[in-house]
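Have a look at the structure below before the remarks.
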Amino acid sequence: TKMAATKIFTFFTRGLQNALLRENAAISSVSIHPKRNSSSFTYVPEEAPEDAGETARMNLFQSLTSAMDIALEKDPSAVIFGEDVAFGGVFRCTVGLKDKYGKDRVFNTPLSEQGIVGFGIGVAAAGATAIAEIQFADYIYPAFDQIVNEASKFRYRSGNLFNAGRLTIRAPCGAVGHGALYHSQSPEAYFAHTPGIKVVIPRGPIQAKGLLLSCIRDDNPCIYFEPKILYRSAVEQVPTGDYMLPLSKAEVLVEGSDLTLVGWGTQVHVLREVGKMAEEKLNISCEVIDLVTILPWDSDTINESVSKTGRLLIAHEAPLTGGFAAEIAASVQNECFLNLEAPIQRVCGYDTPFPHIYDPFYKFNIVIHLHFQNECFLNLEAPIQCVCGYDTPFPHIYDPFYKFNIVIHLHFQNECFLNLEAPIQRVCGYDTPFPHIYEPFYKFNIVIHLHFQNECFLNLEAPIQRVCGYDTPFPHIYEPFYMPDKWRCFDAVKKVMNY
């Protein structure tokens, strides 16, 4: 029996290996790209301000350790907890802190993300400072209810009598090239739909330390996503002292005049390289912006840049559909419509689970690749840019061939771009917790909602309107005034017709 099983296993194993070799050979023979074995970007260290005081060479995880060390030292109520944090954590971000501050302030928890965050809410509500670690952002979802329905609404539902503001949730995020579907996700967009919390993503060690201290000391619950590919690859001279950096303030890293490039976390470094390539190959001047904070995001800086350049490209590792780039694009076209020279472009991850062996092709190894032109290209003043995922589950064994090293990718052209005479409009919920008493104004009693702008862009004569619920918890006593009723919809109709 054992011999038969061994023969069967060997037969199928060899068959699979031969099939993969044939498939790899076929793919290699038709590939139009040079071979890529990993997602590539060059990390360029930044310099600390001259008045920052003494500095030390640190990578990103060491800068986070330094920040938490300062937080524990200066705040006697601060505690750090999570899976394996007592011995330093799987990424070594808390190494040495238990020995320095004791097991009552740095301690392990059971393997329960819901329990970790729920405990953190209780600690923060009692007046202490809670620093919770979720071992991978991919596993933050069991805690989703605690974050979205408890932490974010704690202050609102109690009329500011209680709050969980001193809760910070750290979580490593993003791809590294071998994490596959359960250790590569970027879930920031899920939480961007939740008023009452802040979502922050750093790009390097200097910034990471200052932003983490700002989150720990902020009066609102914060989710702090750490791009784990930068833990060791990003090294800078980091100030050793205590300092904070502002939240909800984007940074213009490279000034330009022709195109605005917006990203956050790891993608900032990719876009920096894209800007250089665009200048060298296309003589295009790109302005590179790090958004820094996903929620609440700095729309003023982005709008000011797009008003100057007239073009916008947004890139992130998270999947295309529903990604935060969509919110940025919708907001910018409303504020800067008359300044836009071309449709806003999004370069994002694929709408599939994250693969393993095609990992290098899932992220953005951007090469400014002039590609397929739509039959309507000559009618456009500028091509639409779109680099999207395949309409398939993300594969595992063909990881290196599945991603695109393309950011500025002349692709599907919008058929009606030049005919649009007004910006797309959105009538949406307010950026506040959802009240209870205005509930009837929060649902979608949409009467006339101008819709598909991408397909009919050049045929539109007025901005598209969105009449939606408010970005707040649902209220009670003002229900009759809170929903997107016929009057709000009618106001949108008047705006469309009178634009």
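Structure summary
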read-out	value
1.4 Å probe accessible area per residue over region 151-293, in Å²	34
Cα shape, region 65-172, gyration tensor, a/c 1.5 rule	oblate
Leu282, Leu211, ranked by accessible area, largest first (probe 1.4 Å)	Leu282, Leu211
Global geometry of region 90-248, whether rounded, prolate or oblate, following the gyration tensor of its Cα atoms and the 1.5 cut on a/c	rounded
Cα-centred dipole magnitude for region 59-173, charges only on beta-carbon of K, R (+1) and D, E (-1), debye, nearest 20	320
Sulfur and carbon atoms: percent of accessible area, region 128-233 [1.4 Å]	55
Accessible surface of region 34-112 [probe 1.4 Å, protein heavy atoms]: carbon and sulfur percent	50
Violating pairs (Cα-Cα greater than 31 angstrom) within the set Lys228/Lys308; Lys103/Lys249; Lys153/Lys228; Lys74/Lys198; Lys100/Lys209; Lys153/Lys494	Lys228/Lys308; Lys103/Lys249; Lys153/Lys494
Burial ranking of peptide ranges 141-150, 323-332, 100-109, 222-231 (average Cβ count within 10 Å, highest at the top)	222-231, 323-332, 141-150, 100-109
Cα-centre dipole for region 109-161 with unit charges at Cβ (Lys and Arg positive, Asp and Glu negative), debye to 20	320
Accessible area of region 63-145 divided out per residue, in Å², using a probe of 1.4 angstrom	39
Prolate/oblate/rounded call for region 129-170, Cα gyration tensor, a/c under 1.5 rounded	oblate
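The values are calculated or read from the model by the stated rules, or taken from the named source; none is laboratory data. Just so you know, these numbers come straight off a predicted model, no measurement behind them. So basically every Cβ, Gly included, is an ideal-geometry build from the backbone, and we count neighbours across all protein chains shown. All accessible areas refer to the heavy atoms of the entire protein, side chains included, with ligands and DNA or RNA removed. Shrake-Rupley method; radii C 1.70, N 1.55, O 1.52, S 1.80 Å.
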